[in-house]
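Notes follow the structure.
The values are calculated or read from the model by the stated rules, or taken from the named source; none is laboratory data. Values in this document were obtained by computation on a predicted structure and should not be read as measured data. Here the Cβ positions follow ideal geometry from the backbone for every residue, glycine too, while neighbour counts run over all protein chains shown.
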């Protein structure tokens, strides 16, 4: 009888640990995603959208296209509403590989081998062409496109940038992806951008540091409070 009782209590404890681990891995908040391209020749300034939350040009909505479209440079962007959020023990920008190529069939619907830089910038919870060249708050990470597969998940530690934005009472944090150096042809497309309390990286080489092992995630779940907020995009 005592053995059964102990087993029952153990089951409850293990279930609680599993619940905490799952809760801690929940997104801090989701972002809205879009892509801005430069004009032909001058790639320093964004002039038009390649994707937005409304599905501009008939392209899939909410996609971060990165690389080249003919003579244009394209940068992927996402912004996060910081309203109601507090500083975090850890924060990661996490996103998925949507397509090994760009959004325009026959022009850039193939991938490039090179590097993509991840930068932070001060957002305003709006899709602006000027986000293309907004002043960087700092480099978050740099990852090679070689070996990437559709469905791969990338996570980069942005704890310092996130906490600094909260401390400065910023209303929004932006994340920008750009080819570094700018490639000659081809593109990559990413989606499902969110801020998470743990790394969800699944790429073989890691994402600026390997993802934690499942066991360490469970332990981390016991020590981190869940950070959950509903994003409200301001009009």
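Given the structure, is residue 90 touching a residue at least 24 places away in the same chain (Cβ under 8 Å), part of a strand (DSSP E or B) and buried (at least 17 other Cβ atoms within 10 Å of the Cβ)?
Considered against the rule, which asks whether it is touching a residue at least 24 places away in the same chain (Cβ under 8 Å), part of a strand (DSSP E or B) and buried (at least 17 other Cβ atoms within 10 Å of the Cβ), residue 90 comes out as no.
Exactly one condition in (1) touching a strand residue (DSSP E or B) at 6+ places or on another chain (Cβ under 7 Å); (2) at negative phi; (3) part of a loop (DSSP other than H, G, I, E, B) is not met by residue 151; state its number.
That leaves (2) as the condition not met.
Residue 207 is checked against (1) surrounded by 14 or more Cβ atoms within 10 Å (Cβ to Cβ); (2) modelled with pLDDT of 95 or more; (3) assigned to a loop (DSSP other than H, G, I, E, B) and fails just one. What number does that condition carry?
Among (1) surrounded by 14 or more Cβ atoms within 10 Å (Cβ to Cβ); (2) modelled with pLDDT of 95 or more; (3) assigned to a loop (DSSP other than H, G, I, E, B), residue 207 violates only (2).
Quick one: what pairs do we get from the stretch 158-187, first residue at positive phi and modelled with pLDDT of 95 or more, second part of a strand (DSSP E or B) and surrounded by 16 or more Cβ atoms within 10 Å (Cβ to Cβ), C-beta under 8 Å, 6+ apart or different chains?
Note: pairs meeting the criteria are 186/67; 186/68.
Any idea which of 106, 120, 138 is surrounded by fewer than 18 Cβ atoms within 10 Å (Cβ to Cβ) and within 18 Å of residue 166 (Cα to Cα)?
None of the other options fit; the residue is 138.
Has the stretch 160-172 got any residue that is under 18 Å from residue 81 (Cβ atoms) and in a strand (DSSP E or B)?
yes
Inside the stretch 115-132, can you point out the residues that are farther than 19 Å from residue 190 by Cα and either in a helix (DSSP H, G or I) or out of contact with any strand residue (DSSP E or B) (no Cβ under 8 Å at 6 or more places or on another chain) (or both)?
130
Looking at 102, 54, 62, which one is part of a loop (DSSP other than H, G, I, E, B) and at pLDDT below 95?
From the options 102, 54, 62, the qualifying one is 54.
Let's see how each residue does on (1) touching a helix residue (DSSP H, G or I) at 6+ places or on another chain (Cβ under 6 Å); (2) farther than 17 Å from residue 173 by Cα; (3) in contact (Cβ under 8 Å) with a residue 60 or more places away in the chain:
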{"site": "41", "(1), (2), (3)": "no, yes, no"}
{"site": "61", "(1), (2), (3)": "no, yes, no"}
{"site": "67", "(1), (2), (3)": "no, yes, yes"}
{"site": "77", "(1), (2), (3)": "yes, no, yes"}
{"site": "100", "(1), (2), (3)": "no, yes, yes"}
{"site": "108", "(1), (2), (3)": "no, yes, yes"}
